[in-house]
Every structure is written in C-alpha cells, then in structure tokens.
Amino acid sequence: MTDDANVEAEDHESYPDGALVFRTAPNAGSWTTSEGETYVDENVIESPSETLIRDAAHAYAAGVIEIVQGVDTEDLAAYGVQSQEEGEAAYAAAQEDGRWQEGQELQAALEQEARDRGDMAVVVDIIPEGEASPDA
C-alpha cells in the first residue's frame, strides 16, 4: 500500500457511520444540489437527506464529485441513475412506441396556438459592426 492509500484509509475510518462524504472534482470547482445547497472541496454530511444522497449519486455519475462514503457507486441504479446506454435505449423505445411523437405533436400544437394568439418569439440578429441592418 502506498503512503497516499494509507492516508485515505485512515481518513475513511475517521468519518461518522452513515455520513455522506464527498469531494468536488478539481475541474468542477463547486457543486450545487437540487435543493440549492452549494458544496466545495471535501464535505462530511452526518445526517444526509435521501434527496442529497440521490443528488450525490447523480453528480458522481456525471463526474462532478468523488464519493468517499455514503453512496454505493457500484449500484447507481438504486439511486435512479441511468447509464448512457440505458438512456439511449429508453429514448429509442419512446420513439418507437409513439410517446415521443405524441409529445412532439403536442409541442407543435402549443407553439401554433401561441402564434395564432399573436405571442411572438424574440429573434435576435447579430449584425457585424459597420454593416447595415436589413430592416434599415
């Protein structure tokens, strides 16, 4: 075992039982949960809510945090985390059984209703400096 591994093993043993322990990934900076709490660096949450645990599992899967304790990273499905492959398969299945198409048709109908009412979308054209506006 290397010195780093010994330090991690010692640190791990010092965390309270049942605590959620995680570190924000160096490239992520901070992480904000679905409940609006923002975390940076190493965090030890002694009585984590089910929502925080679920959020942590999702953040771990996305590479935003590193889990030290409190989430079974070998069974992320238990927290509702879907793999890329599972998500793509679900999307393909939705397209095949018509739910996706129904949603697309509903969205198109809602957008048409808005246009019929006169609700206009905002379109921004960026005109390079020195060029005239097409409306001018």
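Any read-out appearing in this document is the output of simple, stated calculations on the displayed coordinates, not a laboratory observation. Please read all numbers here as calculations on a predicted model, not as lab measurements. Because the Cβ atoms are built from the backbone with ideal geometry, glycine has one as well, and the counts that use them run over all protein chains shown.
Here are the numbers:
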| item | result |
| --- | --- |
| Sequence of THR38, THR73 once ranked by neighbouring C-beta atoms within 10 Å, starting from the fewest | THR38, THR73 |
| For the stretch 13-123: relative contact order, % (alpha-carbon pairs under 8 angstrom, 6 or more apart) | 23 percent |
| Rh (Kirkwood; distinct C-alpha pairs) - the stretch 35-119, Å | 16.2 Å |
| Cut-off under 5 Å, modelled amide H: who pairs with ILE65 long-range | ALA25, TYR60 |
| For LEU106, LEU52, order by how many other beta-carbon atoms lie within 10 Å, fewest first | LEU106, LEU52 |
| Largest-first principal axis extents, alpha carbons of the stretch 26-78, Å | 26, 23, 18 |
| Residues ILE53, ILE45, ILE65, ILE126 arranged by fewest to most Cβ contacts within 10 Å | ILE126, ILE53, ILE45, ILE65 |
